[in-house]
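Before any comments, here is the structure.
The values are calculated or read from the model by the stated rules, or taken from the named source; none is laboratory data. Given the structure is predicted, the values throughout are model-derived calculations rather than measurements. So basically every Cβ, Gly included, is an ideal-geometry build from the backbone, and we count neighbours across all protein chains shown.
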Amino acid sequence: KTNVQRVLIQQKRAIRALCDLSPRESCREKFKELKILTIVNLYILETITYARTKTLNPLKTGSQLHTYNTRHATNYCLPVHRLTKYEEKPSYMGSKLWDHLPAAVK
């Protein structure tokens, strides 16, 4: 198991203890009720926040590159790269995660 999986299991165990849930009961709704982010949600939030605030070269959206009214005009145009290692950069991953957010959240 990865460290993230271990932390997520501990988070679920803590929620179950707080809310008196049985071990086989889902705790997804309890995370929402208590407004607690899981470790995965925290990673997504921090990565998007980093990409939006700390990058030196902000990426352009489709609407900044052309005037066509397209479905994905608000999405970032991600830079072309050779290696998949580049996709692990927080700036790239944050921009990619931002594109997957619903329009109401953006």
Selection status of Tyr50, touching a residue at least 40 places away in the same chain (Cβ under 8 Å) and either touching a helix residue (DSSP H, G or I) at 6+ places or on another chain (Cβ under 7 Å) or more than 22 Å from Leu101 (Cβ to Cβ) (or both): yes
Scope the stretch 2-47; condition part of a helix (DSSP H, G or I), under 22 Å from Lys96 (Cβ atoms) and either touching a Ser or Thr at 6+ places or on another chain (Cβ under 8 Å) or hydrophobic (A, V, I, L, M, F, W, C) (or both); matching residues: Val4, Leu8, Ile39, Val40, Leu42, Ile44, Leu45
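Those residues that are part of a loop (DSSP other than H, G, I, E, B) and either under 15 Å from Ile44 (Cβ atoms) or basic (Lys, Arg) (or both), I need them from the stretch 71-106; list them, please. Outline the logic, then answer.
Initial filter on the stretch 71-106 (part of a loop (DSSP other than H, G, I, E, B)): 71-75, 77-83, 89, 101-106.
Hits for the stretch 71-106 are Arg71, Arg82, Lys89, Leu101, Pro102, Val105, Lys106.
Considering Ser91, Ser22, Ser95, Ser26, which residue is in contact with a strand residue (DSSP E or B) (Cβ under 7 Å, 6 or more places away or on another chain) and among the polar types (S, T, N, Q)? Give the derivation first.
Details: Ser91 fails: in contact with a strand residue (DSSP E or B) (Cβ under 7 Å, 6 or more places away or on another chain); Ser22 fails: in contact with a strand residue (DSSP E or B) (Cβ under 7 Å, 6 or more places away or on another chain); Ser26 fails: in contact with a strand residue (DSSP E or B) (Cβ under 7 Å, 6 or more places away or on another chain).
Checking each option against the conditions leaves just Ser95.
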Subset of the stretch 18-57 that is of a type in the set (S, T, N, Q) and at pLDDT below 90 - its residue that is nearest to Leu8 (Cα to Cα): Thr49
